[in-house]
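Only one structure is covered here, and it is reproduced in the block below.
The values are calculated or read from the model by the stated rules, or taken from the named source; none is laboratory data. No experiment lies behind these values; they were computed from the predicted model shown. In this analysis, Cβ positions are derived from the backbone assuming ideal geometry, glycine residues included, and neighbour counts consider all displayed protein chains.
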């Protein structure tokens, strides 16, 4: 089964990378972009039936740094 | 400096991508007169009777995922965490600091520099803590000149954590001029028991006598000498 883990900086954590991308978009002439935040997408292929608790543990132990990042787990065919 | 009969035993951990491990060993040897023990990341155990574990700078695992994240999961880090919990002093410099936060031995995280650029220059640091074994030979408020060389040195912790660190005297050093966006100018932090220090600046790159200040000066050497004298008098 395919799993997508979306990792985002927590609200309130400054994102210098997002800010630089934002400036670059403005430099290219794209108007109306209010904010840019850069995150990370990790795709996993795991055994069917892998439970959500195990996926959560993977995120908390390694895939995300919960000091600065939130994560959401999307499994194929629903959450 | 003289050290008790059994000698000073320091281990320097090398991860794939460490590049300051030799410098760290040289600095420890210069301060102690004893060879540092080199330990590979894949080892499951540390040598016995260690006086210090040093995690060096570099780009362990190519900074994959996050700086220090993969190294924090390596076999040797389980042993380092266990040693720290027994009270063995641990020093993490630059990538070593990142590894210590990822291993949760120190609070907070090191994010991309606010200016997006890699910074490599000698910076002034203000000494905040003079109680720990790493810092007790410094004067509070003293300025040290130590090189930084990092892309991810922007210290972050939530406000409650920062208040706690400051309240408990666990900010070891601050940048006299904030070069990377670090919260409250923090350049180095201590664990609750004061025996784990993580810092972005590289003391091991500042161990030469003042006569060769172009090689980084000697302020970093004093940090290693502090460790030696603190342990010798313990």
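Check residue A:41 against each of (1) surrounded by 11 or more Cβ atoms within 10 Å (Cβ to Cβ); (2) within 14 Å of another protein chain (Cβ to nearest Cβ); (3) in contact with a strand residue (DSSP E or B) (Cβ under 8 Å, 6 or more places away or on another chain); (4) not in a loop (DSSP other than H, G, I, E, B) and name the one condition it does not meet.
(1)
Quick one: count up the residues across segment B:128-143 that are crowded, with 19+ Cβ neighbours inside 10 Å and out of contact with any strand residue (DSSP E or B) (no Cβ under 6 Å at 6 or more places or on another chain). Before the answer, list the steps.
Start the filter on segment B:128-143 by keeping residues that are crowded, with 19+ Cβ neighbours inside 10 Å, which leaves B:128-129, B:132-135, B:138.
Cutting the leftovers down to out of contact with any strand residue (DSSP E or B) (no Cβ under 6 Å at 6 or more places or on another chain) gives us B:133.
Going through segment B:128-143 one residue at a time, the tally reaches 1.
In the list B:69, B:30, which residue meets the criterion of being over 17 Å from residue B:88 (Cβ atoms) and in contact with a helix residue (DSSP H, G or I) (Cβ under 6 Å, 6 or more places away or on another chain)? Step through it out loud before you land on a result.
Numbers: B:30 fails: in contact with a helix residue (DSSP H, G or I) (Cβ under 6 Å, 6 or more places away or on another chain).
Answer to the selection: B:69.
What about residue B:80, is it in contact with a strand residue (DSSP E or B) (Cβ under 7 Å, 6 or more places away or on another chain), farther than 17 Å from residue B:231 by Cα and not in a loop (DSSP other than H, G, I, E, B)?
yes
So how many residues does segment A:45-79 have that are in contact (Cβ under 8 Å) with a residue 24 or more places away in the chain, in a loop (DSSP other than H, G, I, E, B) and either away from every other protein chain (no Cβ under 14 Å) or surrounded by fewer than 18 Cβ atoms within 10 Å (Cβ to Cβ) (or both)?
Summing the residues that are in contact (Cβ under 8 Å) with a residue 24 or more places away in the chain, in a loop (DSSP other than H, G, I, E, B) and either away from every other protein chain (no Cβ under 14 Å) or surrounded by fewer than 18 Cβ atoms within 10 Å (Cβ to Cβ) (or both) in segment A:45-79 gives 6.
Could you check segment B:35-54 and list, in sequence order, the residues that are on the phi < 0 side of the Ramachandran plot, in a loop (DSSP other than H, G, I, E, B) and in contact (Cβ under 8 Å) with a residue 24 or more places away in the chain? Before you say what the answer is, go through the steps one by one.
Within segment B:35-54, the subset on the phi < 0 side of the Ramachandran plot is B:35-48, B:50-54.
Those left that are additionally in a loop (DSSP other than H, G, I, E, B): B:35-36, B:41-48, B:50-51.
Result: B:36, B:41, B:42, B:43, B:44, B:45, B:46, B:47, B:50, B:51.
If you take the residues in segment B:100-113 that are facing chain A (nearest Cβ under 10 Å) and closer than 23 Å to residue B:164 by Cβ, which one is surrounded by the fewest Cβ atoms within 10 Å (Cβ to Cβ)? Lay out the reasoning, then the answer.
Within segment B:100-113, the first condition is being facing chain A (nearest Cβ under 10 Å), and the residues that meet it are B:101-102, B:104, B:107-113.
Still in the running and closer than 23 Å to residue B:164 by Cβ: B:101-102, B:104, B:107-111.
Values: B:101: 27, B:102: 25, B:104: 11, B:107: 20, B:108: 22, B:109: 22, B:110: 30, B:111: 27.
Residue satisfying both the conditions and the ranking: B:104.
Assess whether residue A:18 counts as being surrounded by 13 or more Cβ atoms within 10 Å (Cβ to Cβ) and either closer than 21 Å to residue B:65 by Cβ or away from chain B (no Cβ under 14 Å) (or both).
On the way: surrounded by 13 or more Cβ atoms within 10 Å (Cβ to Cβ): yes; either closer than 21 Å to residue B:65 by Cβ or away from chain B (no Cβ under 14 Å) (or both): yes.
In short, yes.
Please go through segment B:163-216 and pick out each residue that is modelled with pLDDT under 95, touching a strand residue (DSSP E or B) at 6+ places or on another chain (Cβ under 7 Å) and surrounded by fewer than 21 Cβ atoms within 10 Å (Cβ to Cβ).
Within segment B:163-216, the subset modelled with pLDDT under 95 is B:205-216.
From what is left, the residues that are touching a strand residue (DSSP E or B) at 6+ places or on another chain (Cβ under 7 Å) are B:205-206, B:216.
Within segment B:163-216, just B:216 meets the criteria.
Taking the conditions exactly as written (surrounded by 22 or more Cβ atoms within 10 Å (Cβ to Cβ), under 24 Å from residue A:9 (Cα atoms) and over 16 Å from the mean Cα position of the chain (by Cα)), does residue B:154 satisfy them or not? Full working, then the answer.
Values: surrounded by 22 or more Cβ atoms within 10 Å (Cβ to Cβ): yes; under 24 Å from residue A:9 (Cα atoms): yes; over 16 Å from the mean Cα position of the chain (by Cα): no.
No: the conditions fail for residue B:154.
When the residues of segment B:55-78 are filtered to those that are farther than 19 Å from residue B:108 by Cβ and either touching a residue at least 40 places away in the same chain (Cβ under 8 Å) or surrounded by 21 or more Cβ atoms within 10 Å (Cβ to Cβ) (or both), which remaining residue is farthest from the other protein chains (Cβ to nearest Cβ)?
Pass one, segment B:55-78, residues farther than 19 Å from residue B:108 by Cβ: B:56, B:58-59, B:61-62, B:64, B:74-76, B:78.
Okay, now just the ones that are also either touching a residue at least 40 places away in the same chain (Cβ under 8 Å) or surrounded by 21 or more Cβ atoms within 10 Å (Cβ to Cβ) (or both), so B:56, B:58-59, B:61-62, B:74, B:76.
On the way: B:56: 21, B:58: 19, B:59: 17, B:61: 12, B:62: 15, B:74: 12, B:76: 17 Å.
The extreme case among them is B:56.
Conditions (1) in contact with a helix residue (DSSP H, G or I) (Cβ under 8 Å, 6 or more places away or on another chain); (2) within 14 Å of chain A (Cβ to nearest Cβ); (3) not in a strand (DSSP E or B), marked per residue:
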position	(1), (2), (3)
B:117	no, yes, yes
B:122	no, no, no
B:141	no, no, yes
B:147	yes, no, no
B:165	no, yes, yes
B:173	no, no, no
B:177	no, no, yes
B:192	no, no, yes
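Being more than 14 Å from chain A (Cβ to nearest Cβ), over 19 Å from residue B:201 (Cβ atoms), touching a residue at least 40 places away in the same chain (Cβ under 8 Å) and outside any loop (DSSP other than H, G, I, E, B) is the requirement here; does residue B:11 meet it? Give the derivation first.
Numbers: more than 14 Å from chain A (Cβ to nearest Cβ): yes; over 19 Å from residue B:201 (Cβ atoms): yes; touching a residue at least 40 places away in the same chain (Cβ under 8 Å): yes; outside any loop (DSSP other than H, G, I, E, B): yes.
Against the criterion (more than 14 Å from chain A (Cβ to nearest Cβ), over 19 Å from residue B:201 (Cβ atoms), touching a residue at least 40 places away in the same chain (Cβ under 8 Å) and outside any loop (DSSP other than H, G, I, E, B)), residue B:11 qualifies.
Restricting attention to segment B:83-97, which residues are touching a helix residue (DSSP H, G or I) at 6+ places or on another chain (Cβ under 8 Å) and part of a helix (DSSP H, G or I)? Let's see the steps before the verdict.
Taking segment B:83-97 as the starting set, the residues that turn out to be touching a helix residue (DSSP H, G or I) at 6+ places or on another chain (Cβ under 8 Å) are B:89-93, B:95.
If the condition is that a residue be touching a helix residue (DSSP H, G or I) at 6+ places or on another chain (Cβ under 8 Å) and part of a helix (DSSP H, G or I), then B:95 is the only one that fits.
Looking at (1) farther than 18 Å from residue B:24 by Cβ; (2) within 14 Å of chain A (Cβ to nearest Cβ), which is the one condition that is false for residue B:198?
(1)
Looking at (1) within 16 Å of the chain's Cα centre (by Cα); (2) within 14 Å of chain A (Cβ to nearest Cβ); (3) touching a residue at least 60 places away in the same chain (Cβ under 8 Å), which one does residue B:93 not meet, given that it meets all the others?
Of everything listed in (1) within 16 Å of the chain's Cα centre (by Cα); (2) within 14 Å of chain A (Cβ to nearest Cβ); (3) touching a residue at least 60 places away in the same chain (Cβ under 8 Å), residue B:93 misses just condition (2).
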